[in-house]
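Okay, structure first, notes after.
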Amino acid sequence: MSGTIMSAADIHRALTRIAHEVIERNEGADDIVLLGIPTRGEPLATRLGERIASVEPGFDAAASVGAIDITMYRDDLHRQPTRPIGSTKVPDRGIDDRIVVLVDDVLHTGRTIRAALDAIKDLGRPRAVQLAALVDRGHRELPIRADFVGKNLPTSRRERVDVHLSEIDGEDAVMVTERGDK
Amino acid sequence: MKHLLGTDGMSREDAVLLLDTAAQMAATQEREVRKLPTLRGKTVVNLFFEDSTRTRISFEAAAKRLSADVINFSAKGSSVSKGESLKDTALTLQAMGADAVVIRHSASGAAYQLAHSGWLRGSVLNAGDGTHQHPTQALLDAFTARRRLVDDPEGKGLDGLTLAIVGDVLHSRVVRSNVSLWTTLGAKVVLVAPPTLLPVGVSTWPVEVVHRLDHAIDRFDLDAVMMLRVQRERMTGGGDAFFPSPEEYTRLYGLDRSRMDRLPSHAIVMHPGPMNRGLEIAAEAADSDRSVIVEQVANGVAVRMAALYLLLAGEEAA
Amino acid sequence: MSRPIVITNVSLYGEETADLVIADGAITSLSAADAPADAVTVDGSGLVALPGLVDLHTHLREPGREDSETIETGSRAAAKGGFTAVHAMANTTPVADTAGVVEQVYSRGKEIGLVDVYPVGAVTVGLAGEHLSEMGAMADSRARVRVFSDDGKPVADPVLMRRALEYAKTFGGVVVQHAQEPRLTEGAQMHEGIVSAELGLAGWPAVAEESIIARDVLLAGHVGGRYHVQHVSTEGSVDIIRWAKSRGIDVTAEATPHHLLLTDENARGYDPRFKVNPPLRPQRDVDAVRAGLEDGTLDIVATDHAPHPTEDKDCEWAAAAFGMIGLETAVGVLQKVMVDTGRLTWRDVARVLSETPARIGRVDEEHGRPLAVGEPANVTLIDPADAWTVERDGFASRSSNSPYIGMELPGRAVATFLRGTPTYYSARFQEVAQ
């Protein structure tokens, strides 16, 4: 299974659906704070905030969307070349007693989310933490699941999932390649 | 990066990475919980052959906020007089499994030797060696200036800025580190000192040299002025003195209100500390709005966190 | 007495080829046809024969620092380097400032018998630079001291230097100066210049050497004593000596192999093997020292062989001892810098490493003699094609503080004969073993 799995339109539809699900699950958007995980979780969180605001006019997207860098919380730092540290932006509304929705592009082993949960713990104490992922490709190594998923994508470990977003890559697409294809 | 020994030879890319990483570290220090788990299980040894409580606690705070274990090893008194102690100490630290050694030593080159001798495998951070280099001090100076003087600083250097460093250039490791770093980052550096306090080889440095502070203020559009600590003992002592008297030094090189008022309005005043108020810097300058001296101290922790992170967090060098 | 030895087809002074017949401690013929029947014959093809080398500047460290060198290990190193005579500096513990100490060193050298050890006497008592030592007693002792030096320290007091120059004339002595203005070099670690400014090491200005030489040659000109400058390292020093000679002042001077080859750039790695007094200088000075040696301004090459135990070099630069060993590498370095570059011939090498140092040290009845029939068989055989890499574990010296470790040198001594006895021979000359 190789090639483009989600088109720009697919991504658009998935984010719109997730926006509705977030509102529905939380009975509104009053306490919602969206934290994108860099790099590509950040623009996804921004887009999701805009969708939510278009459905719930009272939702102040600018004050409710932020970013959370998890580099310093990773458990595999010593196995990788040194990573540059991304930025953490806590939204103006803060996260204490809010419902934090973590936003990432691909949910895989779950280790990134574990690190994000640790990072959130150091920033404050939300009422609840939920997880939205554009793609869930399986192969979890920790007891973590997503609350909102754009597309479930069964993959083999040998495959590689690349999410492209226009803000960073100039186009919207989700692609699967065999490792070594490139 | 395996070691941080000096700013000479440091690429612009690495220098900017250090400053950007320090910015992220500084941001974490404004949170409720300032401790990060990043270096859990790593051991950082502060090996100080020279007293410097300020530098040591800055490195200690940085390591602890990244959750590293910190061992303070004060080896004062066993340094140059009995040379083998550096080697023996290094072998001891190696046996104890130090992942990084922060070394402060009165002998120029001690950090370089520790890193290249094969005595130990960990990373070496130079916290000041003799009159050679003090890279984290220069990085925190550059970081402080970039924050104050450069809009939207992430990813940027110090291009187009002019820094004056005033005082004892001859004996200063801070100057050597700052000259390399600021020029690498695109700034112009003006050294202001009497010829007795300049090294003979200074003519080959990429700097402007001026012998009077007033001339520096008149001739250059200074964005930052860094006042160096004057060691009183270097001023006296008959034929050994580098300068006739403290009073004459203050007259020619002290930063007082009138000199400060002649600086461009945005210019900042820096000092690596500890200050001699009334000698190289008047209280009215040290405590003015232009002074970033307290910020320098706070930024020191962030810069040292960044250095420790970049040296220790990545995969082990093969 | 050793068995007679014939070295065939050897190039005398790098010039004409001959056979060296050595018997009863002397050169008996230049033709193998005259060799005694029981002579050992070795093939000297491709080798250069020079009169046994003479070092005017060696530290043997005994008595006092036998952990770095002894008269025995130093003699072995000297023989291996091609030397048949060395002048052992006075900065031992106790200092060689009495007849007793110099006689002890002299007889220990004789006892070992690998090289003639000529003790240098201290100019001042305890090298303290205050009172003249009893030069006369040392001169009249069995050691027959003719060379006087406070090496390691300068004779800084101008009056004392004047007196020493005058007094040494009594017995034909030469006052040998370690030229270093002490006030200008307090705490100094390396040459003061571009590199020291970068490395943050306290600088050692060239003028600290030059000012003392200038003063001393003027004094020597005034009082007429015999004056010799050790380890000349700067362009200014060479110029001053050239000027003094042009004025007819009786001054001689030496260059060391390391000041002919290495520069202050070598200090960049803070490796204390490159820490030496006087310090390594910039290329401009090295060029001037080479030119001075080439045009005769500098009369001789002397090693300043200065052994130090590992712990005195395996440490911070500032804590490390000054000095480097040099006996075993002198020939190779000189060949690399001066001979292979065409600046000196092997005939010149005989002059600067044997004849002239023997004359300055007043040992020229025994050493630095012509390679001619009837002369003492003090002979060094050099293989100029035997390129070798200097190795830390390869020294005969007790110490290994050599700056040349890892460096390739183009040639070396392969056999040394002291009054006909082989004191060193490489594997090629196994047959000469008696």
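The values are calculated or read from the model by the stated rules, or taken from the named source; none is laboratory data. A quick note: this is a predicted structure, and the numbers were derived from the prediction, not measured. Glycine also receives a Cβ, built like all others from the backbone with ideal geometry; neighbour counts cover every protein chain displayed. Just so you know, the surface numbers come from the protein's heavy atoms only, side chains and all, with ligands and any DNA or RNA stripped out. Shrake-Rupley method; radii C 1.70, N 1.55, O 1.52, S 1.80 Å.
Sort out which residues of the stretch C:319-340 are within 14 Å of another protein chain (Cβ to nearest Cβ) and closer than 15 Å to C:Pro278 by Cα, and write them in order of number. Can you show your working first?
First pass over the stretch C:319-340, keeping only residues within 14 Å of another protein chain (Cβ to nearest Cβ): C:319-322.
Across the stretch C:319-340, the qualifying residues are C:Ala320, C:Ala321, C:Phe322.
Which of the residues belonging to the stretch B:49-65 are without any contact (Cβ under 8 Å) to a residue 24 or more places away in the chain and either touching an Asp or Glu at 6+ places or on another chain (Cβ under 7 Å) or open to solvent by 50 Å² or more (accessible area, probe 1.4 Å) (or both)?
Of everything in the stretch B:49-65, those that are without any contact (Cβ under 8 Å) to a residue 24 or more places away in the chain and either touching an Asp or Glu at 6+ places or on another chain (Cβ under 7 Å) or open to solvent by 50 Å² or more (accessible area, probe 1.4 Å) (or both) turn out to be B:Thr53, B:Ile57.
Taking the criterion of being open to solvent by 50 Å² or more (accessible area, probe 1.4 Å), assigned to a helix (DSSP H, G or I), away from every other protein chain (no Cβ under 14 Å) and more than 28 Å from B:Met25 (Cβ to Cβ), would at least one residue in the stretch A:51-68 satisfy it?
Yes - at least one qualifying residue is present in the stretch A:51-68.
Could you list, in sequence order, the residues of the stretch B:288-318 that are farther than 23 Å from B:Val175 by Cα and either in contact with a Cys (Cβ under 8 Å, 6 or more places away or on another chain) or away from chain A (no Cβ under 14 Å) (or both)?
Going through the stretch B:288-318, the residues farther than 23 Å from B:Val175 by Cα turn out to be B:288-289, B:309-318.
Scanning the stretch B:288-318 gives B:Ser288, B:Asp289.
Restricting to the stretch A:116-130, count the residues that are open to solvent by less than 40 Å² (accessible area, probe 1.4 Å) and under 13 Å from the mean Cα position of the chain (by Cα).
So the answer is 2.
Taking C:Leu56 and the conditions (1) at pLDDT 95 or above; (2) open to solvent by 10 Å² or more (accessible area, probe 1.4 Å); (3) farther than 17 Å from C:Leu381 by Cα, which numbered condition does it fall short on, given that it satisfies the others?
Unmet condition: (2).
Considering only the stretch C:378-434, state which residues are in a helix (DSSP H, G or I) and either at pLDDT below 95 or open to solvent by less than 60 Å² (accessible area, probe 1.4 Å) (or both). Outline the logic, then answer.
Within the stretch C:378-434, the subset in a helix (DSSP H, G or I) is C:392-394, C:427-432.
Within the stretch C:378-434, C:Gly394, C:Ala427, C:Arg428, C:Phe429, C:Gln430, C:Glu431, C:Val432 meet the criteria.
Of the residues B:Val230, B:Val209, B:Val225, B:Val190, which is at pLDDT below 95 and not in a helix (DSSP H, G or I)? Walk me through it before giving the result.
Working: B:Val209 fails: at pLDDT below 95; B:Val225 fails: at pLDDT below 95; B:Val190 fails: at pLDDT below 95.
Result of the check over B:Val230, B:Val209, B:Val225, B:Val190: B:Val230.
Within the stretch C:250-283, which residues are open to solvent by 30 Å² or more (accessible area, probe 1.4 Å) and either part of a loop (DSSP other than H, G, I, E, B) or more than 14 Å from chain B (Cβ to nearest Cβ) (or both)?
C:Asp250, C:Leu261, C:Asp271, C:Pro282, C:Gln283, listed by residue number.
Would you check if there is a residue in the stretch C:82-98 being among the aromatic types (Phe, Trp, Tyr) and in a loop (DSSP other than H, G, I, E, B)? Explain how you work it out, then say what you get.
As a first pass, look at the stretch C:82-98 and keep what is among the aromatic types (Phe, Trp, Tyr): C:83.
From what's left, in a loop (DSSP other than H, G, I, E, B): none.
Checking the stretch C:82-98: not a single residue is among the aromatic types (Phe, Trp, Tyr) and in a loop (DSSP other than H, G, I, E, B).
Report, by residue number, each residue of the stretch C:100-145 that is open to solvent by 30 Å² or more (accessible area, probe 1.4 Å) and over 17 Å from C:Leu60 (Cβ atoms).
Passing the criteria: C:Val125, C:Gly126, C:Ala128, C:Glu130, C:His131, C:Leu132, C:Glu134, C:Ala137, C:Asp140, C:Arg142, C:Arg144.
Among the residues of the stretch B:85-119, how many are more than 14 Å from chain C (Cβ to nearest Cβ) and either open to solvent by 10 Å² or more (accessible area, probe 1.4 Å) or without any contact (Cβ under 8 Å) to a residue 60 or more places away in the chain (or both)? Walk me through it before giving the result.
So the first thing to find is which residues in the stretch B:85-119 are more than 14 Å from chain C (Cβ to nearest Cβ), and the list is B:92-102.
Cutting the leftovers down to either open to solvent by 10 Å² or more (accessible area, probe 1.4 Å) or without any contact (Cβ under 8 Å) to a residue 60 or more places away in the chain (or both) gives us B:92-99, B:101-102.
Residues in the stretch B:85-119 being more than 14 Å from chain C (Cβ to nearest Cβ) and either open to solvent by 10 Å² or more (accessible area, probe 1.4 Å) or without any contact (Cβ under 8 Å) to a residue 60 or more places away in the chain (or both): 10 in total.
Return yes when B:Asp141 is surrounded by fewer than 23 Cβ atoms within 10 Å (Cβ to Cβ), of a type in the set (Asp, Glu) and more than 10 Å from chain C (Cβ to nearest Cβ) and no when it is not. If you could, list the steps in order and put the result at the bottom.
Details: surrounded by fewer than 23 Cβ atoms within 10 Å (Cβ to Cβ): no; of a type in the set (Asp, Glu): yes; more than 10 Å from chain C (Cβ to nearest Cβ): yes.
Against the criterion (surrounded by fewer than 23 Cβ atoms within 10 Å (Cβ to Cβ), of a type in the set (Asp, Glu) and more than 10 Å from chain C (Cβ to nearest Cβ)), B:Asp141 does not qualify.
As an exercise: evaluate C:Arg183 against (1) open to solvent by 50 Å² or more (accessible area, probe 1.4 Å); (2) more than 30 Å from C:Phe274 (Cα to Cα) and give the number of the one condition it does not meet.
(2)
Which one of the conditions (1) crowded, with 24+ Cβ neighbours inside 10 Å; (2) on the phi > 0 side of the Ramachandran plot does C:Thr84 fail to meet, given that it meets all the rest?
Unmet condition: (2).
Looking for something assigned to a helix (DSSP H, G or I), open to solvent by 20 Å² or more (accessible area, probe 1.4 Å), of a type outside the set (Phe, Trp, Tyr) and closer than 20 Å to C:Gln230 by Cα - is there at least one such residue anywhere in the stretch C:151-158?
If we filter the stretch C:151-158 for residues that are assigned to a helix (DSSP H, G or I), which is where we start, we get C:158.
Now drop any that are not open to solvent by 20 Å² or more (accessible area, probe 1.4 Å), which leaves C:158.
Narrowing the set further to residues that are of a type outside the set (Phe, Trp, Tyr) leaves C:158.
Checking the rest, the ones that are also closer than 20 Å to C:Gln230 by Cα come to C:158.
Within the stretch C:151-158, one or more residues are assigned to a helix (DSSP H, G or I), open to solvent by 20 Å² or more (accessible area, probe 1.4 Å), of a type outside the set (Phe, Trp, Tyr) and closer than 20 Å to C:Gln230 by Cα.
Going through the stretch C:1-37 one residue at a time, which ones are within 26 Å of the chain's Cα centre (by Cα), open to solvent by 30 Å² or more (accessible area, probe 1.4 Å) and closer than 20 Å to C:Glu431 by Cα?
Listed by number, the list is empty, since nothing qualifies.
Which of the residues belonging to the stretch C:192-231 are open to solvent by less than 10 Å² (accessible area, probe 1.4 Å), within 16 Å of C:Gln177 (Cα to Cα) and within 14 Å of chain B (Cβ to nearest Cβ)?
Result: C:Ala208, single match.
Filtering the stretch C:284-298 down to residues that are out of contact with any Asp or Glu (no Cβ under 7 Å at 6 or more places or on another chain) and either part of a loop (DSSP other than H, G, I, E, B) or within 14 Å of chain B (Cβ to nearest Cβ) (or both), which residue is surrounded by the fewest Cβ atoms within 10 Å (Cβ to Cβ)?
Quick first cut of the stretch C:284-298, residues out of contact with any Asp or Glu (no Cβ under 7 Å at 6 or more places or on another chain) only: C:286-287, C:289-297.
Of the ones still in play, those that are also either part of a loop (DSSP other than H, G, I, E, B) or within 14 Å of chain B (Cβ to nearest Cβ) (or both) are C:296-297.
Numbers: C:Gly296: 13, C:Thr297: 25.
The qualifying residue surrounded by the fewest Cβ atoms within 10 Å (Cβ to Cβ) is C:Gly296.
Being at pLDDT below 75 and either more than 12 Å from every other protein chain (Cβ to nearest Cβ) or surrounded by fewer than 18 Cβ atoms within 10 Å (Cβ to Cβ) (or both) is the filter here; which residues of the stretch B:66-84 pass it? Give the derivation first.
Going residue by residue through the stretch B:66-84, those that are at pLDDT below 75 are B:76-84.
Selection gives B:Lys76, B:Gly77, B:Ser78, B:Ser81, B:Lys82, B:Glu84.
Restricting attention to the stretch C:232-248, report how many residues are open to solvent by 30 Å² or more (accessible area, probe 1.4 Å) and among the aliphatic types (A, V, I, L, M). First the steps, then the outcome.
Our first condition is that a residue be open to solvent by 30 Å² or more (accessible area, probe 1.4 Å); within the stretch C:232-248, this holds for C:235, C:239-240, C:242-243, C:245-248.
Cutting the leftovers down to among the aliphatic types (A, V, I, L, M) gives us C:240.
Of the residues in that region, 1 qualify.
All but one of (1) outside the structural domain of C:Ala139 (by TED's automatic domain parsing); (2) surrounded by fewer than 17 Cβ atoms within 10 Å (Cβ to Cβ); (3) over 23 Å from C:Asp364 (Cβ atoms) hold for C:Gly64; which doesn't?
The failed condition is (1).
Check the stretch B:200-219 and report whether any residue there is within 14 Å of another protein chain (Cβ to nearest Cβ), surrounded by fewer than 24 Cβ atoms within 10 Å (Cβ to Cβ) and closer than 21 Å to B:Leu149 by Cβ.
Restricting attention to the stretch B:200-219, the residues satisfying the condition of being within 14 Å of another protein chain (Cβ to nearest Cβ) are B:200-207, B:209.
Narrowing further to those that are surrounded by fewer than 24 Cβ atoms within 10 Å (Cβ to Cβ): B:200-207, B:209.
Right, trim to closer than 21 Å to B:Leu149 by Cβ and you get B:206-207.
Within the stretch B:200-219 (the criterion being within 14 Å of another protein chain (Cβ to nearest Cβ), surrounded by fewer than 24 Cβ atoms within 10 Å (Cβ to Cβ) and closer than 21 Å to B:Leu149 by Cβ), the answer is yes, since at least one residue qualifies.
Quick one: count up the residues across the stretch B:26-48 that are crowded, with 21+ Cβ neighbours inside 10 Å and either over 21 Å from the mean Cα position of the chain (by Cα) or within 9 Å of another protein chain (Cβ to nearest Cβ) (or both). Explain how you work it out, then say what you get.
Residues of the stretch B:26-48 crowded, with 21+ Cβ neighbours inside 10 Å: B:28, B:36, B:38-39, B:42, B:44-48.
Imposing the further condition that a residue be either over 21 Å from the mean Cα position of the chain (by Cα) or within 9 Å of another protein chain (Cβ to nearest Cβ) (or both) reduces the set to B:28, B:36, B:38-39, B:42.
Residues that pass the stated criteria total 5.
Do we find that C:Lys169 is open to solvent by 30 Å² or more (accessible area, probe 1.4 Å), in a loop (DSSP other than H, G, I, E, B) and not aromatic (Phe, Trp, Tyr) in this structure? I'd like the intermediate steps shown before the answer.
On the way: open to solvent by 30 Å² or more (accessible area, probe 1.4 Å): yes; in a loop (DSSP other than H, G, I, E, B): no; not aromatic (Phe, Trp, Tyr): yes.
When the stated conditions are applied, C:Lys169 does not pass them.
Looking at the stretch A:40-49, can you tell me whether even one residue there is of a type in the set (Ser, Thr, Tyr), open to solvent by 20 Å² or more (accessible area, probe 1.4 Å), part of a helix (DSSP H, G or I) and under 19 Å from A:Ile120 (Cβ atoms)?
Initial filter on the stretch A:40-49 (of a type in the set (Ser, Thr, Tyr)): A:46.
Those still in the list that are open to solvent by 20 Å² or more (accessible area, probe 1.4 Å) too: A:46.
Remaining after also requiring part of a helix (DSSP H, G or I): A:46.
So of that shortlist, the ones also under 19 Å from A:Ile120 (Cβ atoms) come out as A:46.
For the stretch A:40-49, residues of a type in the set (Ser, Thr, Tyr), open to solvent by 20 Å² or more (accessible area, probe 1.4 Å), part of a helix (DSSP H, G or I) and under 19 Å from A:Ile120 (Cβ atoms): present.
For B:Val179, are the conditions met, namely being more than 14 Å from chain C (Cβ to nearest Cβ) and either under 15 Å from the mean Cα position of the chain (by Cα) or buried (at least 17 other Cβ atoms within 10 Å of the Cβ) (or both)? Lay out the reasoning, then the answer.
Values: more than 14 Å from chain C (Cβ to nearest Cβ): no; either under 15 Å from the mean Cα position of the chain (by Cα) or buried (at least 17 other Cβ atoms within 10 Å of the Cβ) (or both): yes.
No; evaluated as a whole, the condition is false for this residue.
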